[in-house]
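What follows draws every value from the coordinates through simple rules; no lab data is involved. For clarity, every value in this text was computed on a predicted model and none was experimentally measured. Please note: Cβ atoms are built from the backbone with ideal geometry, for glycine as well, and neighbour counts cover all protein chains shown.
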């Protein structure tokens, strides 16, 4: 099997309507690149939704070329939008925090809404790595700071799960199987327990607890299936009754935890690619 990593910035998508009719991908010098059988799109979680929309052009082009994808375009789009993914999960009966979204971005009109609680977690729709998230202790506070916030994209106003403050589970799912589960904890007064947000903090701890929370891992498998991802990282919040609530589903999770888990993840991804290729090859033979 020949695997190749290609930077998206080094590709051009082309179509021709002359004697070379068809769809192609080329490098920046115009040289055709052989059509891959299968691709895994790695999204940079720090890029904006506008850039993601541009990259969808490449993915749609590859889809029209009948290239198989580890994650479908719809699953990438749905998981890249914090509110859409929660809507899909809620529709399928999976537990998520009560959430209000502000499509208009006008805080003064939104904050009085009765479904926004006095104490809530406020998130920028395009935030990542634990950034652009804060705990608001009152609606007056939200009104007071609204002029200081970027309103290019909507915000989410989310139920604050105080029992899980500074503590969460990160469950990595690859090919509909649990790869690893980590307990992430922050010992100071910060609500975020993200690894990328805290990895260099003396107040942060990360512990491998794979297999110790079967209910959480089962929930992660169901949520991944609902969104349609082949590879996902789920952040789960603890509930006081021992159950879990889904905070977020990530389509491009960090798989390196410094304890060898990244090797296990790489092996699982390669195994998944082999399985998908076998399906493709068998389908070609039958046709």
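Quick notes on this one:
- Ranked packing of 26-33, 118-125, most packed first, by mean Cβ within 10 Å: 118-125, 26-33
- Ranked for footprinting exposure by Cβ neighbours inside 10 Å, fewest first, 160, 24 give 24, 160.
- Spin-label pair residue 3/residue 98, simplified geometry with 7 Å Cα→Cβ offset, distance in nm: 4.6 nm
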